[in-house]
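The values are calculated or read from the model by the stated rules, or taken from the named source; none is laboratory data. All figures in this text were calculated on a predicted structure; none of them were measured in a lab. Heads up, the Cβs are rebuilt from the backbone with ideal geometry, glycines too, and the neighbour counts pull from every protein chain shown. Surface accessibility is based on the protein's heavy atoms, side chains included, excluding ligands, DNA and RNA. Shrake-Rupley method; radii C 1.70, N 1.55, O 1.52, S 1.80 Å.
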Amino acid sequence: MRGSIKEITSTIQSLISAVFFFVDYFIGPELLAAQDLFKTLTSSGDLAVEHFAHGAVHMRTIQIPDHWDRGGTPICKLTLPENLIAGLIRRKMGEGENTLIPHGEDHILPGDQVTLVGEAKVMQRLHEIFHSPESKTRSVILVGGSDVAVHLTHFLCQQKISVRVIEKHATRCLELADLLPRATIINRDGRDPQLLRTERVQDVDALITCTHFDETNLMIAALAKQLGCPKAIAQITNGQITPILEKVGVIPALSARVNVANRILSILDEERTLSIASLSGDAAKIIELKVAPSSKVVGIPLSDLDLPKGLLIAVIESQGRVMVGRGNRVLCANDIVVAICNPLQIPKLQQLFH
């Protein structure tokens with residue numbers, strides 16, 4: 001109960017500050033990070049999930065299974081559902097990797113991480129289409145009693161998912177016990193391999209490291225993976241270490257700082273930019289925009305637009321109808337567009353739709 005009073009008091013203080021200091025937006029970085037982690041944990045084994053156009057459009061990143069037997073077929077001949085498009089492919093190439101925005105002549109190969117965008121009801125069949133396994137999250141271990149962990153635990157417990165939080169500081173454990181009465185709080189060091197064995201990390205559905213240090217998060221998640229944990233997720237602030245994580249089978253989750261940067265970018269152009277999310281360790285952005293009535297793209301087929309290389313208009317939502325961004329599609333004023341691009345192209349993309 002004491003934890004709830006603290007949260008209410010903090011909220012009231014924030015509201016008072018907004019009134020006296022004319023604050024237009026409150027950005028809760030830890031809450032944003034927790035929401036992203038929650039979507040990843042509860043999305044049938046997907047690596048990343050986002051929703052756009054008031055939920056009418058979904059984005060999901062999946063791992064193509066090794067038994068996928070259509071790698072020799074170009075994407076344009078895969079007979080994918082009409083309102084589904086492959087927006088980004090990450091492919092391991094020897095010691096490195098290649099990230100590409102695919103076109104019809106490209107291929108989806110076993111082992112690829114593919115980001116797909118499409119109508120919500122079509123996306124429900126994604127694992128059936130690509131023969132990838134689905135999983136349901138029932139139990140989770142969080143390492144690090146950060147504010148992100150607190151928010152994430154609240155979300156998970158609301159879904160009746162069993163949560164254990166490992167935190168090495170005794171004082172923080174007492175606070176967590178007040179804040180999270182439905183979770184199990186363990187006062188130990190998450191870097192201890194024997195502790196992870198005792199907690200049977202191999203039997204939980206996922207382990208997420210939520211400490212404030214990238215190196216600690218990487219080390220613990222890699223250790224959990226080595227001990228047999230089926231899904232290990234590490235929060236990171238530095239997207240450049242993503243390849244290191246993936247080499248040891250750990251899923252990277254960009255931290256609160258990156259989520260805040262995306263949110264600020266959308267606020268700075270709030271009239272037209274509805275949301276921004278990071279893909280592939282922040283190597284690409286998926287951005288949701290509204291077409292301005294004055295935009296020069298109104299009334300012009302996508303094939304006639306002078307779009308920069310590496311920019312894909314993935315999906316268009318027009319008056320409740322969701323359409324893949326094919327060349328013959330014509331944009332109308334106030335359409336919602338979901339595009340994938342290099343982060344450096346965001347200003348040009350925003351200018352294009354104004």
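General remarks:
- Within the stretch 134-150, tally of residues that are part of a strand (DSSP E or B), touching a helix residue (DSSP H, G or I) at 6+ places or on another chain (Cβ under 6 Å) and either free of Cβ contacts under 8 Å to residues at least 12 places away in the same chain or open to solvent by 20 Å² or more (accessible area, probe 1.4 Å) (or both): 0
- Of all residues in the stretch 93-115 being open to solvent by 30 Å² or more (accessible area, probe 1.4 Å) and touching a residue at least 60 places away in the same chain (Cβ under 8 Å), the one that is nearest to THR40 (Cα to Cα): GLN113
- Restricted to the stretch 151-185, and to residues there that are touching a residue at least 12 places away in the same chain (Cβ under 8 Å) and among the charged types (D, E, K, R), the residue that is least open to solvent (accessible area, probe 1.4 Å) is GLU167.
- The set of residues in the stretch 219-235 that are open to solvent by less than 10 Å² (accessible area, probe 1.4 Å) and either within 9 Å of GLN202 (Cβ to Cβ) or among the acidic types (Asp, Glu) (or both) comprises ALA224, CYS229.
- Residues of the stretch 83-113 satisfying the condition of being more than 15 Å from VAL324 (Cβ to Cβ) and either touching a Lys or Arg at 6+ places or on another chain (Cβ under 7 Å) or of a type in the set (A, V, I, L, M) (or both): ILE89, MET93, GLU97, ASN98, THR99, LEU100, ILE108, LEU109, GLY111, ASP112, GLN113
- Once the stretch 116-126 is narrowed to residues that are open to solvent by 10 Å² or more (accessible area, probe 1.4 Å) and part of a helix (DSSP H, G or I), the residue that is nearest to ILE287 (Cα to Cα) is ALA120.
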